[in-house]
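The values are calculated or read from the model by the stated rules, or taken from the named source; none is laboratory data. All values derive from a computational prediction rather than experimental measurement. We place every Cβ from the backbone using ideal geometry, glycine too, and count neighbours over all the protein chains shown. Just the protein is used for accessible areas: all its heavy atoms, side chains included, with ligands, DNA and RNA removed. Shrake-Rupley method; radii C 1.70, N 1.55, O 1.52, S 1.80 Å.
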Amino acid sequence: MLMLRSTLFNVAFYANLILRMIVLTPVYFLLPRKKAFRVPKDWARSNHWLMEKIVGTTFEIEGLENIPKTGCIFAPKHQSFWDTYALLPWMDDPVYILKRELTWIPLFGWYVKKQRMIPVDRGARGKVMLEVMRRTKIEMEAGRQLIIYPEGTRRPPGAEPAYRYGIARIYRDMGVPVVPIALHPGLFWPRRSTMRYPGHFKVRILPPIAPGMDPDAFFAHLVETLEKASDDLLLENVAANPDLPLPPTAAKRVAELKAEREKTQAPA
């Protein structure tokens, strides 16, 4: 039954994406850019509905009050395709730095260009990256929110952290707050898998890190803050879903955290 539900959801998910892009294309491209963002935001909401009704997976968001009213950088953990779109309904006008190859996909690439997303060649250096940063600054000065995954690529839940220093440079150059986001959708929508698992999980938006810190100090603070929140949230989500099959990285990390807490709570 679980495999059947996963298959049904996957079919419905991609059908929902393709049909919406085709049917809503005239509306999307006739509307002003920011108003047109309602189309992908509604698509994200419909995916949440599909996942709840077909798979039985729900979530809640804590800390929405921590989202600044002005431009900022969102720095979420990255575990699943889920977290590339799931928070769009709660973001005002986000912008992504994304692989340029995504802009070559018919329809999808046109949608991306309409929203002035910033394509980049991952192997680029020098002048190309300077142009990316120039465009990023222009979008952020217009009050948009930049979404950056500090680890750069999807990591399984509980995996050893592998943060990239690039976010510290962007933090220094942009001069806006950074909002860390702890989440574990990879427990329910694993990377490189077609399985989808039922349950309920939390997403935790942490207080923003104010601009102006030394980049090295900021980077160390971001890693420490986000990893601590991720560990806490991992234990909470696993405890709330005792029948959930855990990937090896998550099972190992949960065991380590429980052992650490038992040790600190043991009488001297």
ask   = Given R₀ = 41 Å, FRET efficiency for Lys252-Leu30 by Cβ-Cβ distance, to 0.05?
value = 0.20
query = Mind checking the dipole of the chain: about its Cα centre, +1 per Lys or Arg Cβ, -1 per Asp or Glu Cβ, Debye to the nearest 20?
reply = 1140 debye
Additional length obtainable on full extension of the chain from Asn66 to Arg261, 0.36 nm per residue less Cα span = 67.4 nm
key: Net +/- balance of residues flanking Ala142 in space, Cβ distance below 12 Å, scoring K and R +1, D and E -1   = +2
ask   = So for the pair Tyr96, Ser193, with labels modelled 7 Å out along Cα→Cβ, what separation do we get in nm?
value = 2.2 nm
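Just to confirm the filter: which chymotrypsin sites (Phe, Trp or Tyr not before Pro) across the stretch 145-250 are DSSP coil and have at most 13 other Cβ within 10 angstrom of their Cβ? Don't skip to the answer; put the middle values down first.
Details: sites: Tyr163, Tyr165, Tyr171, Phe188, Phe201, Phe218, Phe219; in loops: Tyr163, Tyr165, Phe188.
Passing both the DSSP loop test and the Cβ count: Tyr165.
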Of the trypsin sites (Lys or Arg not before Pro) in the stretch 67-105, those whose Cβ has at most 10 other Cβ within 10 Å and which sit in DSSP loop = Lys69
remark   = Expressed in square angstrom to the nearest 10, the accessible area of Val128 with a 1.4 Å probe stands at 70 Å²
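Carbon-plus-sulfur fraction of the accessible area of the stretch 63-200, 1.4 Å probe, in percent?
57 percent
Take each uninterrupted DSSP H stretch in the chain, measure its Cα extent along the helix axis, and return the ones at 24 Å or beyond whose mean Kyte-Doolittle hydropathy is at least 0.5.
Working: long enough: 2-23 (31 Å, 1.39); 215-240 (37 Å, 0.28); 248-265 (26 Å, -1.25).
Once both thresholds are applied, what remains is 2-23.
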message = From the helices alone, meaning DSSP H stretches of at least four residues, give me the mean residue ellipticity at 222 nm for the chain, per-run term -39500 (n - 2.57), in deg cm²/dmol to the nearest 500.
response = -14500 deg cm²/dmol
note = Taking alpha-carbon centroids only, the stretch 1-78 lies from the stretch 158-218 a number of Å equal to 19 Å
key: Cleavage-rule hits, trypsin sites (Lys or Arg not before Pro), the stretch 159-266, DSSP coil, Cβ neighbours within 10 Å at most 11   = Arg192
Cross-link partners of Lys69 among aspartates and glutamates (Cα-Cα below 18 Å; sequence separation of 8 or more within a chain) = Asp92, Asp93, Glu139, Glu141
ask   = Looking at (i) 0.94; (ii) 1.04; (iii) 1.20, which value of Cα Rg over 2.2 N^0.38 Å comes from a calculation on the structure shown?
value = (ii)
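Is there a pair in Lys41/Lys137; Lys34/Lys113; Lys35/Lys114; Lys114/Lys202 whose C-alpha atoms are over 20 Å apart, and which pairs would that be? Don't skip to the answer; put the middle values down first.
Numbers: Lys41/Lys137 24 Å; Lys34/Lys113 13 Å; Lys35/Lys114 11 Å; Lys114/Lys202 32 Å.
The answer is Lys41/Lys137; Lys114/Lys202.
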